[in-house]
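J.: Structure incoming, see below.
The values are calculated or read from the model by the stated rules, or taken from the named source; none is laboratory data. Just so it is clear, the structure is predicted and the values come from calculations on it, not from any experiment. Neighbour counts run over all protein chains shown; Cβ positions are idealised from the backbone, glycine included. We work out accessible area using only protein heavy atoms, side chains counted, and drop any ligands, DNA or RNA first. Shrake-Rupley method; radii C 1.70, N 1.55, O 1.52, S 1.80 Å.
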Amino acid sequence: MNTTSTQDMLLESKPGQTGHLQQALHASHAGFAGKSGRAVLADAVTDVLTELHGVVATLSPETFCATGGPVFLGATIGAHVRHVLDHVAPIVDLGAAGTIDYDHRTRGTPTEREPAAASAELLRVTGLLQTVGTLPPDSIEVLMMPRSDGQLLAIPSTIERELAFALSHSIHHCAMVRSMLTAIGVAVPSRFGFAPSTLSHKAGS
């Protein structure tokens, strides 16, 4: 019996392997009350961003903007939150052109400097995630910068694949936020920053 989880299949699939991706999504439907794979992934990303919003809402501007020191490469919690949004907002704001460019970012925004602005953007994005099912189902194009020379590479993908990426990426940065807050003695929810597979493993243990 193949014990590979649907999430593992999603994250291991290469951008052009839509057949593999669709097979995994279709196989998962029975376990998710008939929801489409896209809806399941959108819900999962929403859950992570909702947890992040709950943490951000408790932070003072000083904590939100404090640098984490050399261990965290001088980054701030605000920078991690902005970076999470950099990789979810392009999906929900996807236009008719069907192109996502994750490397087109605006740094130093209020979202990165002000907890209230970050909270507002998290609420906006989570609200739009509930409408992601209305986005075009056809293949989309993702632009990325694989080297520091500034040249962009276009990669074929799907909205489902990018939601799976956004889920993994958001959890990773929430784990960084968790570590930074723990280091300065700020308590966070017990599940915050952990991947679903880790939580599932702990529950099974």
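J.: Kindly state, to the nearest 0.05, the FRET efficiency for T50 paired with H172, given R0 = 22 Å and r defined as their beta-carbon distance.
T.: So, using R0 = 22 Å, E works out to roughly 0.80.
J.: In whole Hz, what ³J(HN,Hα) sequence does the stretch 106-123 give by Karplus (6.51, -1.76, 1.60; θ = phi - 60°), x for Gly and Pro?
T.: So the Karplus estimates, Gly and Pro as x, are 10, 8, x, 7, x, 4, 8, 10, 10, x, 5, 5, 5, 4, 5, 6, 4, 5 Hz.
J.: Please give the length that would be gained between L123 and A203 if that part of the chain were fully extended, namely 0.36 nm times their separation in residues minus their C-alpha to C-alpha distance (nm, one decimal).
T.: 25.9 nm
J.: Express in nm, to one decimal, how much length is gained between A116 and A96 on full extension, taking 0.36 nm for each residue of separation and deducting their alpha carbon distance.
T.: 4.2 nm
J.: If you don't mind, another one. Rounded to the nearest percent, how much of the accessible area of the stretch 68-121 (1.4 Å probe, protein heavy atoms only) is carbon and sulfur?
T.: 58 percent
J.: What list of ³J(HN,Hα) values in whole Hz, one per residue of the stretch 51-67 in order, does the Karplus curve 6.51 cos²θ - 1.76 cosθ + 1.60 (θ = phi - 60°) give from phi, with Gly and Pro shown as x?
T.: Working through the residues one at a time gives 5, 5, 4, x, 6, 4, 5, 8, 8, 7, x, 5, 5, 4, 9, 5, 6 Hz.
J.: Normalise the Cα radius of gyration of the stretch 47-205 by 2.2 N^0.38 Å (N = residues in it) and let me know the number.
T.: 1.08
J.: Would you please give the residues with an amide H less than 5 Å from that of D101, counting only those at least 5 places away or on a separate chain, with H modeled from the backbone geometry?
T.: Close amide H contacts, sequence-distant or interchain: L143.
J.: Can you tell me, using C-alpha contacts under 8 Å and at least 6 residues apart, the relative contact order of the stretch 133-205 as a whole percent?
T.: 20 percent
J.: Would you kindly state how much longer the chain becomes between A195 and T63 on full extension, computed as 0.36 nm times their sequence separation minus their alpha carbon distance, in nm to one decimal?
T.: Residue separation times 0.36 nm, minus the Cα-Cα distance, leaves 45.1 nm.
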